[in-house]
Amino acid sequence: MVKLFHIEGKNNLTEFEGEKPSCFSFFSFNKLLFSSILVACFTLTSCNSNSTEAQTPAEKSHAPSKRALLADTNRNGIPDGAEIRSYEDRENFRDWFTAIAEYQFYKQSEAWNPEQRDCSGLVRFAWREALRKHDRLWFQKMGAEYESVAPDVAAYNLEDGVLKERLFRTKDGLFNKSDLTDGTFQEFADAASVMKYNAVFLGKDRSRLKRGDLVFYFQPFVQKYPYHVMIFVGEARTNNESARDWVVYHTGTSADDKGVVKKVRLDTLDQHPDPRWRPVVNNKNFIGYYRLKILENDN
């Protein structure tokens, strides 16, 4: 707090009031008072100015530069601007991703392209829709049975994100700005590409599994697409039977079979009549559990 003017003691005030100042002393007093006011105003303005300047860098830090968005600081081939860095955003993405995937078990959305309805198509569809703005138009498009499950992912959405709709890396290597235009990122990626270029290996141990992680198999007897992927839902939103090991997946398509979406527990798959589909360590067809690179900060 700045003291503009102060006269100590009643006697001093009386003596001052009793004086008959000359024109010089009168104008000197007013000049002194005016100068004090100017100094006070300048001081207050300076403080306010410094306060505003101190806030500006903090505010700017919430809006990363384009250069920062296109960096690849963890050298995983995915631009930093496409990764989901905050814990809250990662949880919101997991909620949407797994919920949208589980919804397809009960009724496949008309928004899901029928020509892309297979195991990796389910991953791509749920991933893409999880990053959209979930407004009234989105719910109208998806269907009446959909409901809000979490806030939107704040740091990334398809309309403004650096990758737009081309979310899926399709070749090996570190990220380079030219990847955005040379076809490295596509709207389509098969199960093998999702696993190799868009996810990181966690192992065959379930202890690290989180909602939204992926389960991969390699079945060489399926010649065209030998890789198969499932989405780990964890605790299902509907009919969970008090279990937390649910997965959903599409069985794949063929010339005479459109396939279906299934929802099953890992505990049930452990007892699958065909040992090739058991997610156990000694099954050579079970590759293991993976996590999307955009969620890699959870590792």
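The values are calculated or read from the model by the stated rules, or taken from the named source; none is laboratory data. Since the model is a prediction, treat every value here as computed from it, not as a measurement. All Cβ positions, even for glycine, are placed from backbone atoms using ideal geometry, and neighbour counts span all protein chains on display.
Counting only strands (runs of 3 or more DSSP E) that sit completely within the range 171-260, those holding 3 or more residues that are modelled with pLDDT of 95 or more, over 21 Å from the mean Cα position of the chain (by Cα) and not acidic (Asp, Glu) correspond to 214-218, 227-234, 246-250.
Looking across the range 100-129, the residues that are more than 21 Å from the chain's Cα centre (by Cα) and under 21 Å from PRO226 (Cα atoms) come down to PRO114, GLU115, GLN116, ARG117, ASP118, CYS119. Taking residues in the range 260-278 that are in the same structural domain as VAL215 (by TED's automatic domain parsing), and partners anywhere that are of a type in the set (Asp, Glu), the pairs with Cβ atoms closer than 6 Å and at least 6 places apart or on different chains are ARG265/ASP245; LEU266/ASP245; ASP267/ASP245; ARG278/ASP270.
Would you check if there is a residue in the range 180-197 being closer than 16 Å to TRP96 by Cα and touching a residue at least 40 places away in the same chain (Cβ under 8 Å)? No: the range 180-197 contains no residue that is closer than 16 Å to TRP96 by Cα and touching a residue at least 40 places away in the same chain (Cβ under 8 Å). Do we have any residue at all in the range 153-172 that's surrounded by 12 or more Cβ atoms within 10 Å (Cβ to Cβ), touching a residue at least 40 places away in the same chain (Cβ under 8 Å) and closer than 30 Å to ASP267 by Cα? The answer is no; no qualifying residue exists. Taking the criterion of being surrounded by 12 or more Cβ atoms within 10 Å (Cβ to Cβ) and either β-branched (Val, Ile, Thr) or assigned to a loop (DSSP other than H, G, I, E, B) (or both), the residues of the range 263-277 that qualify are VAL264, THR268, ASP270, HIS272. Scanning the range 119-172 for residues that are closer than 13 Å to GLU187 by Cβ and among the polar types (S, T, N, Q) yields a count of 2. Checking VAL260, VAL280, VAL222, VAL200 one by one, the residue that is among the hydrophobic types (A, V, I, L, M, F, W, C), surrounded by 12 or more Cβ atoms within 10 Å (Cβ to Cβ) and in contact with a helix residue (DSSP H, G or I) (Cβ under 8 Å, 6 or more places away or on another chain) is VAL200 and no other.
Taken over the range 126-146, the criterion of being surrounded by 22 or more Cβ atoms within 10 Å (Cβ to Cβ), part of a helix (DSSP H, G or I) and not small (Gly, Ala, Ser) is satisfied by TRP127, GLU129.
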